[in-house]
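To start, the structure itself, in structure tokens.
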Amino acid sequence: MSNTHLVSEFLSRLEQHATRVAVIGLGYVGLPLLEAFSKAGFAVTGIDVSADKIETLLKGESYIQDIPDASIARLIGLESTLFSTDFSTLREADALIICVPTPLRKSKEPDISYILSAAEEIVKVLRPGQMVILESTTYPGTTDEILLPMFSDTGLVVGQDFLLAFSPERIDPGNKDFQVDKIPKVVGGVTPACTQVAAALYQAVMGQVHIVSSARVAEASKILENTFRSVNIALVNEFTGICRVLGVDVWEVIEAAATKPFGFMKFLPGPGIGGHCIPLDPHYLIWKSRLHGYEPRFMALAEQINSSMPREVLQLVMNALNDQGLPLKGTRILLAGVAYKSDIDDMRESPALELIQLLWAKGASVDYLDPYIPTFELEGQTLKSISATAENLRQYACAVVVTHHRRGLDYQALCDNLPLLVDTRNALRSCQIQNTHVVWL
Ligand SMILES: NC(=O)c1ccc[n+]([C@@H]2O[C@H](COP(=O)([O-])OP(=O)(O)OC[C@H]3O[C@@H](n4cnc5c(N)ncnc54)[C@H](O)[C@@H]3O)[C@@H](O)[C@H]2O)c1
């Protein structure tokens, strides 16, 4: 196939909406993306290694909070939609978008094994005319250095037989204002033809596409976004510690600073960072940077400060109990919220997990309350969200507010029924505080 033929063929199918888009990895990122392509009129294939997930989707049910069951019912009602665990079905797709996890190893080094395993399946079906796009967050160079050689080994030539690009996913689960099709898409291809076609594909669905000169730039841009958040959260976490020793209310300081209409961006302190992005992504860059002999300082320091936060909270709890003449050992503690951020059901990397382990290690008895997370497993134990009756709440010596859910968690009831509260999120600020003692982060 010639370069021009490949591009014109793909663009012409795209114009007629005859392109089949396959999404590999149907999680928080992949499922909303697949839905966006379907809503824009494309035939979609959803592939996941989890047979349970595919079965759930085929029943017309959703397992992602931002996608209602009705959307899945609409999807499977379309004759053209295909959900499967069978990777051979990818042969029929024109665009193959990889949205698999990119976790860290215990050593905090990147674990790109999910990308590799998806790519190995693609190698088996790759044919002339297809385009592969990686969306999983990863270190700069993954598309060029890892995927390109794997696909080129099939004998097909990039930019001539197939297309390859990176376009970072920037979704913010739970954010109703910015759903996937409202967030500008950064696109960088391995060749100019790859960039052109990948940009056209996203243009058909997303509001805005920003083209960059290479896949490497696109990969780096995503890590910059998340590192920016990590560093600024670390700054405000450190600032919080300084305010505490100075006897200044950090939340009031932040509100005041945020009235400046330029040159300041509001970040909030908290019990630690969570989710599948901010705690992990900077490590991808730290690792890659070290391979090239450049020692990152800011990012490593931010990581150090942010990961110390659960211990800071433990100390606050111990000090607060001590002031009341209570030991932590044998005392009943309630965590209010365990999700890693407001109004979502995701507790991956949530600081609540480490805090519970720290409290357990000190001999405390820990329960939790979270309307979004009815149950979870930790260290082989199954924990269940308690029912928030006044009688139940009165069993605890202290509650720690770990997540500020705007719906479903009655913070006033905590103030009314517990003697001591440690608020790491400023969630109790609007409550009537009468017979309880509140310690703010
Ligand atoms: N969650 C977010 O807010 C967010 C935002 C932006 C970017 N990202 C990035 O997007 C990527 C995916 O994140 P996520 O939150 O959707 O993860 P997730 O765990 O919710 O979903 C990943 C899905 O991939 C499936 N999977 C794993 N290996 C597979 C394979 N080899 N083939 C097919 N399916 C496979 C899993 O079963 C799962 O359903 C990550 O790189 C993440 O950093 C996540």
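How long are the semi-axes of the equivalent ellipsoid of the chain, taking √(5λ) for every eigenvalue λ of the Cα gyration tensor, in whole Å from largest down?
Details: eigenvalues 392, 114, 72 Å².
Over the Cα atoms of the chain, the semi-axes work out to 44, 24, 19 Å.
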Residue exposure sequence - Met318, Met131 - by fewest surrounding Cβ within 10 Å: Met318, Met131
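Which of the GluC sites (Glu not before Pro) found in the range 311-396 are in a DSSP loop and have at most 16 neighbouring Cβ atoms, other than their own, within 10 Å? Could the numbers behind the result be given before it?
Numbers: sites: Glu312, Glu349, Glu354, Glu377, Glu379, Glu391; in loops: Glu349, Glu379.
Passing sites in the range 311-396 are Glu379.
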DSSP-defined antiparallel bridges as percent of all bridges, the chain, nearest 5: 15 percent
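Computed over the Cα atoms of the range 161-281, what is the convex hull's projected area averaged over all directions, in nm²? Present the calculation step by step, with values, prior to reporting the outcome.
Details: hull surface 37.8 nm².
Hull-based average projected area comes out at 9.4 nm².
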Leading residue at positive end of dipole, the chain (Cβ point charges), from Gly27, Ser152, Leu335: Leu335
Those aspartates and glutamates that a straight Cα-Cα span of less than 12 Å connects to Lys59, excepting residues fewer than 8 apart in one chain: Asp69
Given Lys329/Lys384; Lys288/Lys362; Lys108/Lys185, the pairs whose alpha carbons are separated by over 26 Å: Lys288/Lys362; Lys108/Lys185
Additional length obtainable on full extension of the chain from Ala300 to Ala73, 0.36 nm per residue less Cα span: 77.2 nm
Aspartates and glutamates with Cα under 12 Å of Lys53, excluding same-chain neighbours fewer than 8 positions away: Glu61
Debye, to nearest 20: dipole size of the range 67-161, +1 on Lys, Arg Cβ, -1 on Asp, Glu Cβ: 220 debye
Highest-MSF residue in the chain out of Asp177, Asp346, Asp144 [GNM, Cα springs under 10 Å]: Asp177
Principal axis dimensions, the range 14-79 - Cα atoms, whole angstrom, descending: 34, 23, 20
Electrostatic dipole magnitude of the range 36-195 [Cβ: Lys, Arg +1; Asp, Glu -1; Cα centre; debye, to 20]: 220 debye
Whole-Hz ³J(HN,Hα) from phi, Karplus 6.51 cos²θ - 1.76 cosθ + 1.60, for the range 320-336, glycine and proline x: 5, 5, 4, 4, 9, x, 10, x, 6, 4, x, 8, 8, 10, 10, 9, 9
Rotationally averaged projected area of the range 336-439 (alpha carbon convex hull; nm²): 6.1 nm²
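Per the Kirkwood treatment, what hydrodynamic radius in Å, one decimal, follows for the range 252-344 from the mean inverse distance over all distinct Cα pairs?
On the way: mean 1/r = 0.0601 Å⁻¹.
Evaluated over the range 252-344, this radius sits at 16.6 Å.
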Difference of contour (0.36 nm per residue) and Cα-Cα distance, Ser107 to Val245: 46.3 nm
Gln203-Ala257 pseudo-label distance in nm [points 7 Å out on the Cα-to-Cβ vector]: 4.1 nm
Sequence of Thr195, Thr85, Thr424, Thr56 once ranked by neighbouring C-beta atoms within 10 Å, starting from the fewest: Thr85, Thr56, Thr195, Thr424
Under 5 Å, built H, 5+ apart or other chain: amide partners of Gly275: Arg348, Glu349, Ser350
Exposure proxy ranking, count of Cβ atoms within 10 Å, fewest first, for Phe83, Phe162: Phe83, Phe162
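Got the relative contact order for the chain handy, in percent, Cα pairs under 8 Å and 6 or more residues apart? All intermediate terms of the calculation are to be shown ahead of the outcome.
Values: 848 pairs, mean separation 46.1, N = 441.
Reported relative contact order: 10 percent.
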Inter-label distance for Lys182 and Ser50, nm, one decimal - labels placed 7 Å from Cα along Cα-to-Cβ: 2.6 nm
C-alpha center-to-center spacing [the range 118-146, the range 155-172] in angstrom: 6 Å
Quarter of Cα convex hull surface for the range 383-441, i.e. mean projection, nm²: 4.0 nm²
CD proxy at 222 nm, helix term only [per DSSP H run n ≥ 4: -39500 (n - 2.57); per residue of the chain; nearest 500]: -11500 deg cm²/dmol
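Taking the Cα centre as origin and putting +1 on Lys and Arg beta-carbons and -1 on Asp and Glu beta-carbons, what dipole magnitude results for the chain, to the nearest 20 debye? Intermediate results must be reported in sequence, preceding the final value.
Values: 37 positive and 50 negative charges, 148 e Å.
Roughly 700 debye, rounded to the nearest 20.
If the viscosity is 1.306 mPa s and the temperature 10 °C, what translational diffusion coefficient in µm²/s does Stokes-Einstein give for the range 114-165 when Rh comes from Kirkwood over Cα pairs? The partial results should precede the final answer.
On the way: Rh = 11.1 Å.
It diffuses with D of about 143 µm²/s by this estimate.
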Distant-in-sequence amide H partners of Val186 (H built 1.01 Å from N, under 5 Å): His210
Spin-label pair Glu120/His292, simplified geometry with 7 Å Cα→Cβ offset, distance in nm: 2.9 nm
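FYI, it's all coordinate maths here, none of it is from the lab. Note that the structure is a prediction, hence the values are computed from the model and not measured. All Cβ positions, even for glycine, are placed from backbone atoms using ideal geometry, and neighbour counts span all protein chains on display.
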